[in-house]
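Q: Have a look at the structure that comes next, please.
Read the figures in this text as sums done on the coordinates, not as results from a lab. Fair warning: this is a prediction, and the values are worked out from it, not measured in the lab. All Cβ positions, glycine included, derive from the backbone under ideal geometry; neighbour counts span all protein chains shown.
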Amino acid sequence: MRLRARDGSLPSMPKVAIITDSTASLCGDVLAETGIRVVPLQVIIGATSYAEGVDEGASPTRIAEALKKFTPVSTSKPTPALMLEAYEAAIADGATEIIAIHISAAMSGTYDSAEVAAREASVPVHTLDTRQVGPATGYAAVAAAAVLDRGGSAEEAIEAARQQAAASASLFYVDTLEYLRRGGRVGAAAALLGGALAVKPLLRIDDGEVGTLEKVRTAGKALGRLEDLAVEAAGDAAVEVTVAHLANPARAEHLAEKLDTRIDVTGSIRIAELGAVLGAHVGPGMVAVCVTPAID
């Protein structure tokens, strides 16, 4: 219950802004509904840098084409100055506290930039390393927004985001480990062995880093196993599910149809093409599943 002042009015509540980064894979409708703000990461194709989610040149299609043609592709984090600019923009719009929810610090320097900028901000900034990537980071931000919408505090919201991220399962299949090797996300020996044996690896995000789940011989078996693993992750609980892909819509749609018959999904399964930054590290053909507890 909110206490009233002596004149009967409700006391003013802190206005808390939520900021995440473009790897969180949040669609425009969700951003509009929740008010979550997004700071873009950069993707560099050849010699040209693009802001993910801002510049048309950073589209997933463009990234897939560049990787297939062996055009150099790399990514970079937002600078602390860009983070601070986002904080100050939120403050100018009335924010008295900020929650910054970001991709795993083990995978990107984005969280480090957020912390550096937080020390310079003119209001308190609460930072969270989700130890996740992609949709799981996005679900954490949405969980925080739900708490704030119910009148919760910034501390309660960031704790909800932390719990949401920890309870999420991020599972994915890649056609080759080569792109992860180039970005330093797996070792050269593992990538070389996988290519030599024509192995189709199933991976997961394990405490913020890429870990190997299983290795199978064919893409069909890999996707079937990915389905089973997603079902295991969901259990009997009501969950929300995103199936993401890079240049692999048919497989993603097929997997979503299968999961819809086997999992208690709140709403409908979201199918989305992976953003340019994450896509640059996994390569064309990737299919991922994020399973997270239903958000109240």
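Q: Note the full-extension length gain between Thr61 and Asp149 as 0.36 nm times their separation in residues minus their Cα-Cα distance, in nm to one decimal.
A: 28.1 nm
Q: Further question: Sort 22-31, 171-180 by packing, meaning the average of other beta carbons within 10 Å per residue, with the highest value first.
A: Final packing ranking: 171-180, 22-31.
Q: Take the alpha carbon atoms of the range 1-140, find their radius of gyration, then divide it by 2.2 N^0.38 Å using N residues; give the quotient.
A: 1.23
Q: Still on this structure, I have one more. What 222 nm value per residue comes from the helices of the chain, counting each DSSP H run with n ≥ 4 as -39,500 (n - 2.57) and dividing by all residues, nearest 500 deg cm²/dmol?
A: Rounded to the nearest 500, it is -11500 deg cm²/dmol.
Q: Where does the range 169-293 land on Rg(C-alpha)/(2.2 N^0.38 Å)?
A: Rg over 2.2 N^0.38 Å, computed on Cα atoms: 1.00.
Q: Using a Förster distance of 45 angstrom, determine the FRET efficiency expected from the C-beta separation of Glu214 and Arg119, and round it to 0.05.
A: FRET efficiency, Glu214 to Arg119: 0.60.
Q: Pull up the DSSP beta bridges for the chain and report the antiparallel fraction as a percent, rounded to 5.
A: Within the chain, antiparallel bridges account for around 60 percent of the total.
Q: Which cross-chain or sequence-distant (5 or more) residues have an amide H under 5 Å from the amide H of Gln132, H modelled 1.01 Å from N in plane?
A: Ser104
Q: What residue among Val210, Val142, Val123 has the largest mean-square fluctuation in a Gaussian network model of the chain, using Cα springs under 10 Å?
A: Comparing Val210, Val142, Val123 in a Gaussian network model of the chain, the most mobile one is Val123.
Q: Please give the helix 154-167 orientation as an angle from the longest Cα principal axis of the chain, in degrees from 0 to 90, rounded to the nearest 10.
A: Long axis of 154-167 versus the principal axis of the chain: about 20 degrees.
Q: A further question on this structure: Can you compute 3J(HN,Hα) from phi for each residue in the range 56-66, using the Karplus curve 6.51 cos²θ - 1.76 cosθ + 1.60 with θ = phi - 60°, rounded to whole Hz and x for Gly and Pro?
A: Once θ is set to phi - 60°, the couplings for the range 56-66 become 4, x, 9, 6, x, 4, 4, 5, 4, 5, 4 Hz.
Q: Please list 154-165, 255-266, 72-83 highest first by mean number of surrounding beta-carbon atoms within 10 Å per residue.
A: Ranked from most to least packed, the peptides come out as 154-165, 72-83, 255-266.
Q: Relative to the longest principal axis of the chain, what angle (0 to 90°, nearest 10) does the C-alpha long axis of helix 135-149 take?
A: With rounding to tens, the tilt is 20 degrees.
Q: List the residues whose amide H sits under 5 Å from the amide H of Val216, counting only those 5 or more places along or on another chain, with H placed 1.01 Å from N in the peptide plane.
A: Answer set, sorted by chain and number: Lys200, Leu202.
Q: While we're looking at this one, here's another question. Mind listing the long-range amide H neighbours of Asp175? Cut-off is under 5 Å, sequence gap 5 or more, other chains count too, H placed in the peptide plane at 1.01 Å from N.
A: Met286
Q: Moving to a separate point now. Between Ala89 and Asp207, what FRET efficiency follows from the Cβ-Cβ distance if R0 is 30 Å, with the result rounded to 0.05?
A: Efficiency for this residue pair is about 0.40.
Q: In nm, what is the difference between 0.36 nm times the number of residues separating Glu257 and Thr48 and their Cα-Cα distance?
A: That pair, Glu257 and Thr48, stretches by 71.4 nm at full extension.
Q: Working from Cα positions, state the angle (0 to 90°, nearest 10) between the long axis of helix 249-260 and the longest principal axis of the chain.
A: Orientation of helix 249-260: about 70 degrees from the principal axis.
Q: Here's something else I'd like to know. I'm spelling it out carefully: the read-out is Cα extents along the principal axes in Å, the candidates are (i) 59, 42, 35; (ii) 54, 44, 37; (iii) 74, 47, 30, and one was derived from this structure. Which label?
A: Step by step, Cα extents along the principal axes in Å for this structure corresponds to label (iii).
Q: Given a Förster distance of 41 angstrom, what is the FRET efficiency for Asp264 paired with Ser76, based on the Cβ-Cβ distance and rounded to 0.05?
A: Calculated transfer efficiency: 0.55.
Q: Here is the link list: Lys68/Lys215; Lys68/Lys221; Lys69/Lys200; Lys77/Lys258. Which ones come out longer than 27 Å on Cα distance?
A: Lys77/Lys258
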